[in-house]
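The structure under discussion appears below in the form of C-alpha cells.
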Amino acid sequence: MKKRKTIVIHHAPDLDAIGGVWLFTRFAPQDYSDAKVLFVNPGETLTPTEIAKEQLDPQDIIHVDTGLGQFDHHTVEKSSRTICATSLVFEHLISKHLEIAQDPALRSLVAFITEIDHFGEIYWPEAENTRYAFMIHELIRGQELADQQSDERQMMFGLQCLDNAYNVLVQQHKASEILESEGQTFAIAAGKCLAISSKNDDVIKLAQKKGYTLVIRKDPAIGTVRIKARPDSSITLDKLHEAIIAQDTVGSWYYHPSGKMLINGSRKNTTQKPTPLSLESIVSLTKKLYGT
C-alpha cells in the first residue's frame, strides 16, 4: 500500500508556498496527488511531537518554503533572485520527470512566482496602478484578509488560481505557436489583417497585440466564426455584418454595438448555429468592403 506523503508549508501561505504544493500535487500525482498538507510557523519544521501526533513517517515528509531544507530558499546559498521555493520544487521535478522541462506554460508560471516572491512587481510599468490588485498573488492576500482563520482555505483558493492561470498560459503558448506557423495575412485600407482556421480563440487577442487590425478566426471543428477589430482601429464591422447575413441564412450572428466584434459562436450563447460560409469567402467580402 502506498504511503501518503505530507507537505509542510507555513501559515498564511503565499504564492510561493502554494506554488510548491501545486507543482507536487499536479505534476507528480503518482506520489503527491493525495498528500496531506500541514502548516507551521515560518522557518519552522514539524516537531517530533507533531509528527507522532499525526502518526507520520518522517521519510514521507517534505517542507516547502519553510524549515531551511531542500525546498526552502531562505538561506545564504539560495539567496539569488532567480530562486524561490517553487523554482526549487520545479528543478527537483524536472530531474525526475524530464518532460516537464519542455512545458513552456509551466516555465512561465514558475518564472512569474519567482519574480513575485522577490517583489519584482515594484519594477513593473506604472507599478502603483490599481490594475495590479487583480494579480494572483494579491488575490491570495485578499483571501487571507477575508478569512484569517483558515490556512487550508487560503491554500485551496491559491491552488485553484494556479490551475486557472496554467490553463490560460497553455492556451496562450499554443496560440503563439499557431500564429508562427499558420494563418493567412491580407491587407485592407485600415491595416494588416489575419484569417486563421483554429480552435484556439487566444490567437485573436494575441494577433491584435502583434498589431493586426482585424482578425477572422474559424473553428475547423464546429464551423463557428469570430471576427474582431482592434478597439483603436478606424473600421466598424457593420457593413461586413450586413453582407454576411445577406448571404448566410443559417448561421447565428451577433454584431456588438461597439462595431468591433462580429460573433458567430460563443460559450456565452449556447444556441448559436455555425455559419456555412467558408473562411475564404469571408476574407473576400472583407477585402471587397474595406479596400486594399
In segment 6-47, the residues that are under 21 Å from GLU115 (Cβ atoms), touching a Pro at 6+ places or on another chain (Cβ under 9 Å) and surrounded by fewer than 21 Cβ atoms within 10 Å (Cβ to Cβ): ALA12
Counted residues, segment 250-292 - those being exposed (fewer than 14 other Cβ atoms within 10 Å of the Cβ), farther than 26 Å from LYS192 by Cβ and touching a residue at least 40 places away in the same chain (Cβ under 8 Å): 1
Pick from segment 161-190, criterion hydroxyl-bearing (Ser, Thr, Tyr) and more than 18 Å from ILE100 (Cβ to Cβ), ranking: nearest to the chain's Cα centre (by Cα): SER176
Every residue from segment 48-107 that is surrounded by fewer than 12 Cβ atoms within 10 Å (Cβ to Cβ) and at positive phi: GLN55
Selected residue (only one of ALA105, ALA101, ALA133 is under 14 Å from the mean Cα position of the chain (by Cα), among the small types (Gly, Ala, Ser) and assigned to a helix (DSSP H, G or I)): ALA105
Those residues of segment 239-249 which are part of a loop (DSSP other than H, G, I, E, B) and surrounded by fewer than 17 Cβ atoms within 10 Å (Cβ to Cβ), in sequence order: THR249
Helices (runs of 4 or more DSSP H) enclosed by segment 1-93 - at least 1 residues per element that are free of Cβ contacts under 8 Å to residues at least 40 places away in the same chain and assigned by TED's automatic domain parsing to the domain that holds MET135: 29-32, 48-53
Test result for LEU169, surrounded by 13 or more Cβ atoms within 10 Å (Cβ to Cβ), of a type outside the set (Val, Ile, Thr) and under 22 Å from MET135 (Cα atoms): yes
Within segment 145-238, strands (runs of 3 or more DSSP E) holding 3 or more residues that are in contact (Cβ under 8 Å) with a residue 60 or more places away in the chain: 184-188, 191-197, 214-218
Count of segment 207-223 residues which are buried (at least 19 other Cβ atoms within 10 Å of the Cβ) and farther than 16 Å from VAL283 by Cβ: 1
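The values are calculated or read from the model by the stated rules, or taken from the named source; none is laboratory data. Bear in mind the structure is a predicted one, so any value in this text is a computation, not a measurement. Neighbour counts are summed over all protein chains in view; Cβ atoms, including those assigned to glycine, are modelled from backbone coordinates with ideal geometry.
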